[in-house]
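First up is the structure itself, then whatever we jot down about it.
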Amino acid sequence: MSGGSVLPLLLALGLAPLLLGVITRTKAVIAGRAGPALLQPYHDLRKLMAKGAVYSQTTSWVFRVGPVIGLAAIIIAAALVPLGGPALVSFPGDLLLFVYLLALARFSTVIAALDTGSSFEGMGASREVAFSTLAEPALLLGLAAIARETGSLSLSTMLPHVTVGVWAHAAPPLALVTIALLVVFLAENGRIPVDDPATHLELTMIHEVMVLDHGGPDLAFILYGAALKLWLFGALLIGLALPVHGGHLWLDAGAAALGMLLLAVLTGLVESSMARLRLLSVPRLLVGALLLVLR
């Protein structure tokens with residue numbers, strides 16, 4: 001195990017909520033609305049942290065520790081991603097730990113939802129688990145494809161080794177992996193066309209329905225963890241699609257942050273130009289992403 005720079009982790013912790021603001025702002029501009037402030041996600045988190053938490057008598061300690069475990073797992077996963085510089089923690093095979101940490105975060109959210117005893121939240125949890133069984137293999141095999149092209153099993157070395165030369169040598173498979181990871185990026189973060197984070201319709205909710213009973217700091221942990229998860233999947237995409245590694249720490253960090261903002265704008269454009277898919281069509285989309293990484 002080797003240590004790197006703390007800068008990528010600080011970028012993730014500090015700028016992750018900004019991505020949500022950029023996405024919402026982009027959608028508002030496309031729709032011709034004023035929309036919320038760009039920094040509104042930060043204000044929402046601050047407001048929730050100042051509130052108290054209310055717990056139902058039907059819930060147990062599982063419901064209370066779920067948000068904490070989920071956020072802790074995602075923060076540890078953020079320490080493995082080398083966006084804008086070498087990751088804080090790296091070792092051969094850390095890509096497997098990265099995938100398992102994200103799975104642990106999802107598991108903590110699911111069991112917390114089931115602990116409420118609500119069939120409504122159980123419905124969302126079952127959908128989340130069903131879609132993850134298709135999204136996780138696509139993610140893992142996509143990372144394996146990148147590892148094959150770069151000859152490395154560590155995120156800290158495989159992503160920086162995706163250079164212009166590697167793209168020139170293996171453009172077709174890397175392009176397919178990029179498209180597949182874009183689908184996984186949208187699916188894992190509950191974005192359109194897989195899910196609509198702004199909806200509260202019973203028949204369409206997936207992730208949002210699992211957190212309806214959370215409030216105060218617990219909900220802040222969940223929302224912040226969701227923002228970090230959006231950043232992490234975006235970091236994989238940017239590291240693959242934009243092979244900019246000049247060797248200067250601060251310039252690389254600035255280029256990576258700019259790439260993440262462009263990805264947030266692209267996400268807002270996607271959500272403004274298409275509707276959410278029917279639930280029966282989502283597995284087909286994820287299977288298609290899985291087939292792309294297998295080619």
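Computed over protein heavy atoms with a 1.4 angstrom probe, the accessible surface ordering of 214, 161, 169, largest first, is 169, 161, 214. Here the chain has 70 percent of its accessible surface on carbon and sulfur atoms, given a 1.4 Å probe and all protein chains in place.
Backbone phi angles across region 130-144, fed through the Karplus curve with coefficients 6.51, -1.76 and 1.60 (θ = phi - 60°), yield HN-Hα couplings of 4, 6, 5, 5, 9, 6, 5, x, 5, 5, 5, 6, x, 5, 5 Hz in residue order; Gly and Pro are listed as x. Between region 266-280 and region 102-168, how far is it from one alpha carbon centroid to the other, in angstrom? With region 266-280 and region 102-168 each reduced to a Cα centre, they are spaced 20 Å.
Dipole of the chain computed with +1 at Lys/Arg Cβ and -1 at Asp/Glu Cβ about the Cα centre; of 260, 48, 157, farthest Cα towards the positive end is 260. The accessible-area ordering, largest first, of the residues 154, 118 stands as 118, 154, per a 1.4 angstrom probe. Note on residue 262 and residue 53: the model spin-label points, each 7 Å out from Cα along the C-beta direction, lie 4.0 nm apart. Amide hydrogen proximity for residue 90: with H placed 1.01 Å from N in the peptide plane, the residues at 5 or more positions away or on another chain lying under 5 Å are 2. Per residue, the average separation of C-alpha pairs within less than 8 Å and at least 6 apart gives region 176-295 a relative contact order of 44 percent. Rolling a 1.4 Å probe over the protein heavy atoms leaves residue 119 with an accessible area of roughly 100 Å². The lysines whose alpha-carbon is closer than 22 Å to the alpha-carbon of residue 229, local same-chain residues fewer than 8 away aside, are 27, 47.
Each of residue 126 and residue 10 was given a label point 7 Å from its Cα along the Cα-to-Cβ line. The distance between the two points is 4.7 nm.
Computed over region 36-98, the range of Cα coordinates on each principal axis works out to 45, 36, 15 Å, biggest value leading. Rounded to the nearest whole angstrom, the semi-axes of the ellipsoid equivalent to region 147-256, taken from the Cα gyration tensor as √(5λ), stand at 33, 17, 11, largest first.
For trypsin sites (Lys or Arg not before Pro), the sites in region 44-106 that DSSP calls loop and that have at most 14 other Cβ atoms within 10 Å are 51. Working from the Cα coordinates of region 88-132, the gyration tensor eigenvalues give, after taking √(5λ), semi-axes of 29, 10, 5 Å in decreasing order. Only helices enter this figure: runs of n ≥ 4 DSSP H residues, each worth -39500 (n - 2.57), summed and divided by the residues of the chain, yield -23000 deg cm²/dmol at 222 nm to the nearest 500. For residue 233, the accessible area of its heavy atoms, probed at 1.4 Å with every protein chain present, is near 10 square angstrom.
Averaged over its residues, the chain has an accessible area of 45 Å² per residue, based on protein heavy atoms and a 1.4 Å probe. What FRET efficiency would be calculated for the residue pair residue 273, residue 37, taking the C-beta separation as r and a Förster radius of 22 Å, to the nearest 0.05? The computed FRET efficiency comes out at 0.40. Using the Cβ-Cβ distance between residue 291 and residue 60 with R0 set to 35 Å, the FRET efficiency works out to roughly 0.25.
Once all protein chains are placed together, residue 146 keeps about 0 Å² accessible to a 1.4 angstrom probe.
The values are calculated or read from the model by the stated rules, or taken from the named source; none is laboratory data. These numbers come from a predicted model, not from an experiment. FYI the Cβ positions are ideal-geometry reconstructions off the backbone, even for glycines, and counts take in every protein chain you see. The area values use the complete protein model at the heavy-atom level, side chains included, leaving out ligands, DNA and RNA. Shrake-Rupley method; radii C 1.70, N 1.55, O 1.52, S 1.80 Å.
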